[in-house]
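Engineer: Have a look at the structure that comes next, please.
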Amino acid sequence: MTERICVVGGGAGGLELVVKLAKKLRREQDVTVQLVDKNPTHIWKPLFHEVATGSLNSNHDEASYRMLAKKYGFEFVLGRVTDMDLESRQLTLAPVTDDDGGDMVPGRVMGYDTLIMAVGSLSNDFGIEGVAEFSRQLDSREEAERFHKQFTAVVHRVNSGVDDDALLSVVIVGGGATGVELAADMHNVAARLREYGFPKFSSDRLRVSVIEAAPRLLPRLPERIGLSVATELGRIGVDVLLDTQVSKVEANRVHTRNGDSYPADLSVWAAGVRAPDFLKAAGFPVDRLGRIEVAPDLSVKGHRGLFAIGDCCAFTAEDGTEVPPRAQAAHQMASIAARNVIAQRRSFRTRPFVYKDFGSLISLSKFSTVGNLMGNLLKGTVFVEGFVARMVYLSLYRMHQSAVFGPFSTLLIMAGDRIYKSTRADVKLH
């Protein structure tokens, strides 16, 4: 009887994990490795803000799960998990529909022997009125593309309007990495619009406001990074509002608890994260944010054959610190989870996960890149900015591609990217 190892979620951690498992178990005929995801393709989540602004063409940078399944020998299952039975080890998948609402694939129930949850996280609106209805939450490629369409439509309206003083107002709630990188990239795109047939538009007609409840930007990163980012955003014209909490979001306005309100042709909610609700409903042990609580080896507490990695995983280190929801954490978890899944099925001892923080980098589009690097070779924390920081930031994506496609294929992709960019527009405006 074939053993089924199922990974739910093809994000940064989930995709790297399924590739590692498929490589290690490829010669074992009695094992099938499966990946379940609601989308047919993968895009690295830290790039969603560039999809939203049009700096990145998602059709070019996407990776087909079916292509990767063919390359590495795993099975890809298209579908969204709606229910789980942990006792009978079954997943319920919703029907897959086309753009017209017709069923492409009916709803299904599929079994598994070992399950690894890698479903990522969602934005946390904290129950604030109007967020779900009127703000974009860049949790997925679809949301990023919807924002891009709205952004492009408003640019057209402002450019063709009779009022030469009209502004495009964007309010970003949340001063974390997504919020500040989106704010900077929007100014970068706005400065290029005249080159692409929008003669009335410039960065002077773009008003971007970043609202952060904490006393500084990037509150989970070293203070020097937050201060540097705030200075750069101010230089390029972004309004930064600190110690400010949002009370309500309307279709064209964002209200704060201190009684102020800000016009918003577009609003983006990037103020916090939580795990998908169905995890708690399925019976997983979860923390206050709905994340799955795991043992030191990333197995789900109280459930043999269940693991969790990435943003949906609540992992607390021995010193009491929580592992942050970052791509580098998901990357490291994928490596140890692959080893432990195989070790458990062979009745070997599993290894505890130890998170190593190699630092954090924030890209402010063409304007600047800042961050800190950490590691044994550096003997502490080193603050970096400018060209060096930019090269390290870009290398993170290439490392992810190398883990998924392999080093040689990544070199070919890099060469192809250079050719593609030389024959395509720098900004997507459709």
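Engineer: From the set of residues in the range 49-71 that are among the hydrophobic types (A, V, I, L, M, F, W, C) and in a helix (DSSP H, G or I), which is surrounded by the fewest Cβ atoms within 10 Å (Cβ to Cβ)?
Structural biologist: MET67
Engineer: Please go through the range 144-164 and pick out each residue that is touching a residue at least 12 places away in the same chain (Cβ under 8 Å) and of a type in the set (Asp, Glu).
Structural biologist: GLU145, ASP164
Engineer: Please enumerate the residues belonging to the range 304-330 that are touching a residue at least 40 places away in the same chain (Cβ under 8 Å), surrounded by fewer than 20 Cβ atoms within 10 Å (Cβ to Cβ) and on the phi > 0 side of the Ramachandran plot.
Structural biologist: GLY305
Engineer: I would also like to ask the following. Could you tell me whether LEU138 is in the same structural domain as GLY234 (by TED's automatic domain parsing), more than 19 Å from ASN252 (Cβ to Cβ) and crowded, with 18+ Cβ neighbours inside 10 Å?
Structural biologist: yes
Engineer: Okay, moving on. Which ones in the range 169-213 are part of a loop (DSSP other than H, G, I, E, B) and at negative phi?
Structural biologist: Quick first cut of the range 169-213, residues part of a loop (DSSP other than H, G, I, E, B) only: 174-176, 197-202, 212-213.
Hits for the range 169-213 are GLY175, GLY176, PHE198, PRO199, LYS200, PHE201, SER202, GLU212, ALA213.
Engineer: Also, quick follow-up: Within the range 342-365, track down each residue that is touching a strand residue (DSSP E or B) at 6+ places or on another chain (Cβ under 6 Å) and under 20 Å from ILE309 (Cα atoms). Steps first, answer last, please.
Structural biologist: Here is the first cut: in the range 342-365, the residues touching a strand residue (DSSP E or B) at 6+ places or on another chain (Cβ under 6 Å) are 357-363.
ASP357, PHE358, GLY359, SER360 - these are the residues of the range 342-365 that are touching a strand residue (DSSP E or B) at 6+ places or on another chain (Cβ under 6 Å) and under 20 Å from ILE309 (Cα atoms).
Engineer: When VAL7 is evaluated against the numbered criteria (1) assigned to a strand (DSSP E or B); (2) buried (at least 24 other Cβ atoms within 10 Å of the Cβ); (3) without any contact (Cβ under 8 Å) to a residue 60 or more places away in the chain, which criterion, by number, is the only one it fails?
Structural biologist: The number of the failed condition is (3).
Engineer: Check whether at least one residue in the range 242-265 is basic (Lys, Arg), assigned to a loop (DSSP other than H, G, I, E, B) and either in contact (Cβ under 8 Å) with a residue 24 or more places away in the chain or farther than 19 Å from LEU361 by Cβ (or both), and report yes or no. Spell out how you get there, then give the answer.
Structural biologist: First, pick out the residues of the range 242-265 that are basic (Lys, Arg): 248, 253, 257.
Of the ones still in play, those that are also assigned to a loop (DSSP other than H, G, I, E, B) are 257.
Still in the running and either in contact (Cβ under 8 Å) with a residue 24 or more places away in the chain or farther than 19 Å from LEU361 by Cβ (or both): 257.
Within the range 242-265, one or more residues are basic (Lys, Arg), assigned to a loop (DSSP other than H, G, I, E, B) and either in contact (Cβ under 8 Å) with a residue 24 or more places away in the chain or farther than 19 Å from LEU361 by Cβ (or both).
Engineer: Another one. Just checking, which of ARG220, ARG216 is assigned to a loop (DSSP other than H, G, I, E, B), under 30 Å from ARG390 (Cβ atoms) and either in contact (Cβ under 8 Å) with a residue 60 or more places away in the chain or among the β-branched types (Val, Ile, Thr) (or both)?
Structural biologist: That would be ARG220, the only listed residue that is assigned to a loop (DSSP other than H, G, I, E, B), under 30 Å from ARG390 (Cβ atoms) and either in contact (Cβ under 8 Å) with a residue 60 or more places away in the chain or among the β-branched types (Val, Ile, Thr) (or both).
Engineer: Which one of these is surrounded by fewer than 17 Cβ atoms within 10 Å (Cβ to Cβ) and closer than 20 Å to PRO46 by Cβ: LYS301, LYS356?
Structural biologist: Details: LYS301 fails: closer than 20 Å to PRO46 by Cβ.
Only one candidate qualifies: LYS356.
Engineer: Listed residues THR97, THR114; which is at pLDDT 90 or above, over 23 Å from the mean Cα position of the chain (by Cα) and not small (Gly, Ala, Ser)?
Structural biologist: Sole residue among the options that is at pLDDT 90 or above, over 23 Å from the mean Cα position of the chain (by Cα) and not small (Gly, Ala, Ser): THR114.
The values are calculated or read from the model by the stated rules, or taken from the named source; none is laboratory data. Treat the numbers as computed from the prediction; the structure is a model and nothing was measured. Here the Cβ is made from the backbone with ideal geometry for all residues, glycine too, and neighbour counts use every protein chain on show.
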